[in-house]
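Asker: Structure in structure tokens, see below.
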Amino acid sequence: MRFYITTPIYYVNDRPHIGHVYTTTIADIFARYHRLCGNEVFFLTGTDEHAAKVVESAAQHGVTAQDWADRNAQAFQETFRKLGITSDDFIRTSQQRHKDKVLQYVGELLQTGDVYLGEYEGWYDAGQEEYIPENKAKEFDFKSPVNGKPLVRKKEKNYFFRLSKYADALLKLLEENPGFLRPDARRNEIKNRIREGLNDVPISRTGAGGWGIQVPGDTEHVIYVWIDALFNYLSTVDTPERINYWPATVHLIAKDILWFHAVIWPALLLALKRELPRQVYAHSFWIAEGQKMSKSLGNFVDLEKIDRYVADYGLDAFRYFLASHGPLGISDSDFAEARFIEVYNDQLADKMGNLVNRSLTMIQRYRGGVVPGSPEGGLRVDAERAMAAFSDAMVQLDLGGALERVGEFVVRANQYVEESAPWKLAKDPASAGRLDAVLYNLAESVRLISVVVNPVMPTIASQIRAQLNIEGKPGLFTDEARWGRLAAGTKLGTVAPLFPKKV
Ligand code: MSP
């Protein structure tokens, strides 16, 4: 099976922050999971570079727009590398390979008439470089909803995309194919807006000073940055070697850019007669210490903060927190230090770390560090159930649910330790067989935990494997997730705590 997952491409003008890191990390986890399942994975992230703000910032810094974009795109690439992101490509919209394809797509649309030259008049927010719909302009008393400055009545010649033509097809898509847009609540929101009516949308702008992709055959207009950007998902794989990855399995985004992905993008693809992505998944937002993150509050969980968390708790624990407590559903999540520490201490140190450490330590103490043979017994059914539930949840992109199933299994296994009390069995020679069974059950459960946490915490997973002394790379998920693979007689490696408790 092919699995093509994308993240939004991020504006180069911003420094990477927790929001960008979140979406990309979650995509990374799904990509890793599908690779473990033996699927052919293509995982794409990148940067969106043709915004007008790039020209302004570049001028302020006395460099060319391209230099400015290069510098900031690099910051994203370095950040993602540092955070263990395994993307297969990093698309930058200023790259020639992307620009060539966009020219081709817009050329096709001009030919079919789905893109045409027209005139647009409306209320323009100069600060945001966007037109505000009539009703919204009125609601804000014809002032910018962002900076409060008066809106300007502006008229310009523009190239338009015939979005209105696709309203029925889009509604049909959303109705007949509920999986196309998730979570469910987002679908209703979009359906209602489409029912209110769709206007054709301008897809070009003038006065860009040469920064952007020129509309074919027109030196005055460049393609509007959003249209340029959306095409990245297709342009990157639109080569003979990669085209089999299309259509994308899932475009992972947040709710802020849902309209572009759930309406404009599928309409463009319909117009181009290309297959539609299988799914658009729009998660919610991180807030920070109980407050919305914003430029004015200056409270972004920025790279410096992220580095500090990684230094203090480890990259894997940071990834675990994003994955288990992030806003993948329809509610926002709070990135708060107290919450982070609580999750770390409770779920990782006290529960998972403790289970691994006590299990392996008991094998050392009672069996000289050699895993005893005796595959039957207590935990098998729970383990198999947990493995299956984990996989089901992962396939549904229910990452929080998947990790909850793992957490429940960890709790169950710790409970099993208490119930079977190996320290008592060890005192009674008649219970040797029972003790073998308990210790095998625990060692095998620890191995299975290393299998399921691998996509989220790859370093912890290999540390567990090293402690169990299982050589080499793990095999396919379906094989590894089967009970009983750990060979009796395995001599443990060095056992050490995985998650030192924090105060
Ligand atoms: N360049 C456009 C996207 C074009 S995609 C064809 C853009 N870029 S952005 O830099 O603003 O990134 C927006 C995305 O960053 C969101 O959709 C989300 O994936 C991520 N996040 C930004 N802030 C976020 C939070 N506070 N919380 C979670 N993720 C958010 O829009």
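Asker: Among the listed pairs 143/305; 53/143; 82/255; 191/305; 149/292, give every one whose C-alpha distance is greater than 28 Å. Provide the component values of the computation, followed by the final result.
Answerer: On the way: 143/305 36 Å; 53/143 21 Å; 82/255 26 Å; 191/305 39 Å; 149/292 23 Å.
Beyond 28 Å between Cα atoms: 143/305; 191/305.
Asker: At a threshold of 8 angstrom on Cα-Cα distance, excluding pairs fewer than six apart, so keeping six or more, what relative contact order does region 370-503 reach in percent?
Answerer: On the way: 145 pairs, mean separation 46.4, N = 134.
Contact order relative to length: 35 percent.
Asker: Any idea what log10 I(q)/I(0) is at q = 0.07 Å⁻¹ for the chain, Debye with uniform C-alpha scatterers and no solvent?
Answerer: Each listed q maps to, in turn, -0.46.
Asker: Sticking with this structure for a sec: If you take the beta carbon distance between residue 164 and residue 81 as r and set R0 to 51 Å, what does 1/(1 + (r/R0)^6) give as a FRET efficiency, to the nearest 0.05? Numbers along the way, then the final one.
Answerer: Values: r = 43 Å, r/R0 = 0.85.
Plugging the Cβ-Cβ distance into 1/(1 + (r/R0)^6) gives 0.70.
Asker: Between residue 388 and residue 297, what is the spin-label point distance in nm, taking each point 7 Å from the Cα along the Cα→C-beta axis?
Answerer: In this crude label model, residue 388 to residue 297 measures out at 4.4 nm.
Asker: Between residue 89 and residue 396, what length comes free when the chain is fully extended (0.36 nm per residue of separation minus the Cα-Cα distance, one decimal in nm)?
Answerer: Working: separation 307, 0.36 × 307 = 110.52 nm, distance 2.41 nm.
Working it through step by step, the gained length comes to 108.1 nm.
Asker: Percent relative contact order of region 1-83, based on C-alpha pairs within less than 8 angstrom and at least six residues apart?
Answerer: Relative contact order, region 1-83: 40 percent.
Asker: Using C-alpha positions alone, give me the convex hull volume of region 160-204 per residue in cubic angstrom.
Answerer: On the way: hull volume 3.3 nm³, N = 45.
Measuring per residue, one finds 73 Å³ for the Cα hull of region 160-204.
Asker: What is the magnitude of the charge dipole of the chain about its Cα centre, with +1 placed on the Cβ of each Lys and Arg, -1 on the Cβ of each Asp and Glu, and no other charges, expressed in debye to the nearest 20?
Answerer: The calculated dipole for the chain is roughly 940 debye.
Asker: Stretch residue 345-residue 502 to full length: gain in nm at 0.36 nm per residue minus the Cα-Cα span?
Answerer: In short, 55.9 nm is gained.
Asker: Also: Sort out for me the Cα centre separation of region 119-138 from region 150-213, rounded to whole Å.
Answerer: 15 Å
Asker: Taking all pairs of different Cα atoms in region 120-277, averaging 1/r and flipping that mean, what Kirkwood radius in angstroms comes out?
Answerer: 17.4 Å
Asker: Does a label point 7 Å from the Cα of residue 175, set along Cα-to-beta-carbon, have any residues of region 231-272 with amide nitrogen under 13 Å, and which are they?
Answerer: Once the point is set 7 Å along Cα→Cβ of residue 175, nothing inside region 231-272 turns out to lie under 13 Å by backbone N.
Asker: What is the distance in Å between the Cα centroid of region 386-412 and that of region 440-503?
Answerer: 17 Å
Asker: Another question, if that's okay. If you average over every viewing direction, what projected area does the convex hull of the Cα atoms of region 1-141 give, in nm²?
Answerer: 12.3 nm²
Asker: Roughly what percent of Cα-Cα pairs across region 58-173 reach past 20 Å? Walk me through the numbers on the way to the answer.
Answerer: Working: 4607 of 6670 pairs.
Roughly 69 percent, once rounded to a whole number.
Asker: Rounded to the nearest angstrom and ordered from largest down, what semi-axes does the equivalent ellipsoid of region 214-261 get from its C-alpha gyration tensor (root of 5λ)? Mind dumping the intermediate values first?
Answerer: Values: eigenvalues 109, 71, 5 Å².
Equivalent-ellipsoid dimensions as semi-axes: 23, 19, 5 Å.
Asker: Give me the compactness ratio for region 328-481, meaning the Cα radius of gyration over 2.2 N^0.38 Å. Write out the running numbers ahead of the final one.
Answerer: Numbers: Rg = 16.4 Å, N = 154, 2.2 N^0.38 = 14.9 Å.
That works out to 1.10 for region 328-481.
Asker: If you don't mind, another one. How far apart, in nm, are the 7 Å Cα→Cβ label points at residue 476 and residue 332?
Answerer: It works out to 4.4 nm between the two label points.
Asker: Would you list which aspartates and glutamates come within 16 Å of residue 502, measuring only between C-alpha atoms, while excluding same-chain residues fewer than 8 positions from it?
Answerer: Hits, sequence-local ones excluded: 312, 316, 337, 342, 346, 350.
Asker: Which lysines have a Cα less than 22 Å from the Cα of residue 101, not counting those fewer than 8 places away in the same chain?
Answerer: Straight-line reach from residue 101, under 22 Å: 273.
Asker: Below 11 angstrom from the Cβ of residue 452, what's the summed charge of the other residues (Lys, Arg +1; Asp, Glu -1)?
Answerer: It works out to a net charge of +1.
Asker: Tell me, what is the FRET efficiency for residue 188 and residue 2 to the nearest 0.05, using R0 = 30 angstrom and their Cβ-Cβ distance as r? List each step's numbers first, then the result.
Answerer: Details: r = 30 Å, r/R0 = 1.00.
Efficiency for this residue pair is about 0.50.
Asker: Continuing with the same structure: For labels at residue 116 and residue 196 in the simple 7 Å Cα→Cβ model, what's the distance in nm?
Answerer: 2.5 nm
Asker: Place a point 7 Å from Cα of residue 157 in the direction of its Cβ. Which residues in region 95-138 have their backbone N less than 13 Å from it?
Answerer: Backbone N within reach: 117-120.
Asker: Tell me the relative contact order for the chain as a rounded percent, counting alpha carbon contacts under 8 Å between residues six or more apart.
Answerer: 15 percent
Asker: Also, quick follow-up: Please pull out the direction-averaged projected area of region 266-393, using the convex hull of its alpha-carbon atoms, in nm² to one decimal place.
Answerer: 13.7 nm²
Asker: Specify which residue in the list 476, 486, 499 is farthest towards the positive end of the charge dipole of region 403-501, using unit charges on the beta carbon of Lys, Arg (+1) and Asp, Glu (-1), about the Cα centre.
Answerer: The residue sitting farthest along the positive end of the dipole is 499.
Asker: Taking 0.36 nm per residue of separation and subtracting the Cα-Cα distance, what length does fully extending residue 307 through residue 239 add?
Answerer: 20.8 nm
Asker: Can you compute the FRET efficiency between residue 141 and residue 274 using 1/(1 + (r/R0)^6), with r the Cβ-Cβ distance and R0 = 51 Å? Round to the nearest 0.05.
Answerer: Taking R0 as 51 Å, the efficiency between residue 141 and residue 274 is 0.75.
Only the coordinates and a few stated rules stand behind these numbers; no lab work does. Keep in mind it's a predicted model, so treat the numbers as computed, not measured. Cβ atoms come from the backbone with ideal geometry, glycine included; neighbour counts cover every protein chain shown.
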